Amino acid sequence: MHDVLPEASPQWQFLESRVRDVLRRYGYEEIRMPIVEFTELFKRSIGEVTDIVEKEMYTFDDRNGDSLTLRPEGTAGCVRAAMENGLLHNQTQRLWYQGPMFRHERPQKGRYRQFYQIGVETFGLAGPDIDAELILLTSRLWRELGIEGLELQLNSLGTSAERERYRSDLVEYFSAHSETLDGDSQRRLHTNPLRILDTKNPDMAELVAGAPSLMDYLGEASNAHFESLRRILDQAGLEYTINPRLVRGLDYYSLTVFEWVTDQLGAQGTVCAGGRFDGLVEQLGGRATPAIGFAVGVERLLAIMEAQESLPTVTRADVYLVLMGEQAQQAGLVLAERLRDALPHLRLLTHCGGGGFKAQFKRADRSGARVALILGEDELSRNQISIKYLREDLPQENIAIDDLAQHLADRVKPEESSK
């Protein structure tokens, strides 16, 4: 688990604000769920024979003896919240959330034991059109964030009945090669054999490549759903690759699954992943409800943006107010409030804590401010303030304090202060 330090926070804020803006434009509404849920929720939704439930969850008993778990993902909690609060009765929902998730796994680049996700879930929409909308939405996110080079991979997991027929043949295939299976795969063989296809063990790559393909087991309706999705993406000009081994790590997926992957993060190549989970609401005790969603790893996006140099350069302030003398210190704090009233977009950093002229200017320079305002006893007596330009080759000037707000409005534009 790691800290996000002040110099990094503006980059997180930049990413989050861009994502929030795109979701708003698509009509999605934010929901906020607790980070702790009853453990049973994840066992019933994710599946007990998964790495997350078996190995990675932070689970503990509270004072009442109830088993609680720090959420390892957001979908189950979102479904629980929607069900409990009556959001799924004869209505559709387009929801999104953000926040920390927790998994006890080996930390690596872009992956931590406390990590942040932005998740999107839709309910009550069964057609491939909403599948396409979500995928097109993610593509727009990458453009808005200036991210390039991500590859979209698609697959269909079909219905539960189709997967069951496939599962039977898959077990037979892998059982005939049991001596080649690693320990995890042997354990999954009769409980969750589709997860063997998702193995990261290079020694099993050839065996997995020769396994039956789920696409060959899809019925007419599943094929039609997948083909319709592909036609929409084709018409939108969005490139993709069909990956028949893409199964996702959670048990509740069906039909469409997709991932955006990259080769810029080492072993952890998935940046965004999602798919349909039409059976999950019913599995958790509600009415059968079609649903689809995705989750984006915030740290992974930031790592890619840093590698591609698409993160903004952020400074702490636009203007730094240098104050010399006790009277100037008192008057300066009042003046700063007047400027903040007049210019709400201005980032104004007022010097506090005393110090000489040279020390204050060092702080002004370190703040990244474009302009230093100098207020001392002489300036106060003349009702003036001095302006020194720190990033431009312009002469220092004195202006009336009453004219300062308009002067800064002309020289430090709101769009400049966000860079």
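No value in this document is a laboratory result; all are computed from the given coordinates. Given the structure is predicted, the values throughout are model-derived calculations rather than measurements. Reconstructed Cβ throughout: ideal geometry from the backbone, glycine too, with neighbour counts over all protein chains shown.
Quick notes on this one:
- Computed about its Cα centre, the charge dipole of the chain is approximately 640 debye, with only Lys, Arg, Asp and Glu carrying charge at their Cβ.
- Furthest towards positive pole of dipole, Val4, Leu408, Ile387, structure part the chain, Cβ charges: Ile387
- Relative to the Cα centre, the charge distribution of the stretch 319-417, modelled as +1 at Lys and Arg Cβ and -1 at Asp and Glu Cβ, gives a dipole magnitude of about 440 debye.
- Centroid-to-centroid separation of the stretch 329-349 and the stretch 112-132 [C-alpha atoms, Å]: 43 Å
- Within the chain, helix-based [θ] at 222 nm, where runs of 4 or more DSSP H residues each add -39,500 (n - 2.57), nearest 500: -11000 deg cm²/dmol
- DSSP-loop trypsin sites (Lys or Arg not before Pro) across the stretch 1-90, with at most 12 other Cβ within 10 angstrom: Arg32, Arg63
- Prolate/oblate/rounded call for the chain, Cα gyration tensor, a/c under 1.5 rounded: prolate
- Per-residue Cβ neighbour rank within 10 angstrom, fewest leading, Ile401, Ile242, Ile385: Ile242, Ile401, Ile385
- Global form of the stretch 82-205, assessed from the alpha-carbon gyration tensor, a/c cut-off 1.5: prolate
- Alpha-carbon centroid distance for the pair the stretch 133-167 / the stretch 276-298, whole angstrom: 15 Å
- Of all beta bridges that DSSP places with both ends in the stretch 319-417, some 50 percent have antiparallel geometry.
- Taking the chain as the region of interest, the number of lysine pairs whose Cα atoms are within less than 28 Å, with members eight or more places apart or on different chains, is 15.
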